[in-house]
Structures are given as C-alpha cells and as structure tokens.
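Step one of this worksheet: look at the structure below.
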Amino acid sequence: MRSLLLLSILVFSIFTPFGLKAQTNDVQTEQRIRQLEEKLRCLVCQNQSLADSNAELAGDLRRQVREQVAAGRSDEQIVDYLVQRYGDFVLYDPPFKATTLLLWIGPFVLLAAAALVLVATLRRRRRAPEEPALAPDDKRLVERVLGPAVTPRERDGSAR
C-alpha cells in the first residue's frame, strides 16, 4: 500500500504543471538557447538580456524561444521572428539602418555637443574682464565697516 501511494505521488508530481515545462537534456541545445537569450533584450527592463531578466514578459519570450528551437527553426529564423514581432529594439546589437541611426550616432553627437559647450564656456571665462580693484577710498570704507583685512597667514597665526 505504501509503495503504491509513493508511486502515485511520484507520478502526479511529474505530471503537474511544473513538471510539464519544456526542458531539454541536450547540453548543446541549452547552450544555443542561452546564447539566443543573451542576444535578445528584455522589452520591460531594457538594460537586461532575456536570460538575465525576471520580468513576466521576458519569461514569455524565453518560452517562445524554446518553442521555436523545439520546432527546429534556425537562430536566424528565431531572431527574425522576434524582430518582426517586436522591432529592432528586441536586439542588443541592432542593425545599422535608417530607423536605428539615432541609436548608433546619438551618443557621439551628444559627446561632441558637450565638448563644444565646454570649450565655449572656457573661452568665455578667459575673455571675461577681471574685477576692478577697489579705489583707496572704497577700500577704507570697507575696512571701516568690516574691519581690517586679515590675510590667511594672519588668520592661521603663522605670521611673525
């Protein structure tokens, strides 16, 4: 009786929804799936690959990749299918074309603009006139209001 109960528990645990996951024992297939998941971006996280993301959509996309591999499709066919469905944004390394031009050139344009702003700012500072020195009458007025000027050496007590 116990062995029958143990056997039935074992059989039911294998056929539960958790046991029905499409898992392959083939190491090469698993490596191939992992490489595909690394090439593809999670559409929710945007900075993680499908392999690294815990988002629900990433799980759905991983399932789609596994189904496509199980159906015998090539890596290119799987990637093309996902790009057709979700656009070039699903790729970590999008192709260079008109729709992705901003992705490729944008960072360089921003860097060049920042360098131009820096150069312009430094030139303006260099050309800016120095503040005029106080006239002797103004200097006496400031000393009368604020007290005599103290140099940093006098303040530290190092003047002798």
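The values are calculated or read from the model by the stated rules, or taken from the named source; none is laboratory data. These figures come from a predicted structure and were not determined experimentally. Glycine gets a Cβ as well: all are built from the backbone with ideal geometry, and neighbour counts include every protein chain shown.
Is it fair to say Phe96 is in a loop (DSSP other than H, G, I, E, B), among the hydrophobic types (A, V, I, L, M, F, W, C) and surrounded by fewer than 12 Cβ atoms within 10 Å (Cβ to Cβ)? Answer is yes for this residue. Within the option set Gln46, Gln28, being assigned to a helix (DSSP H, G or I), within 32 Å of the chain's Cα centre (by Cα) and modelled with pLDDT of 65 or more holds for one residue only, Gln28.
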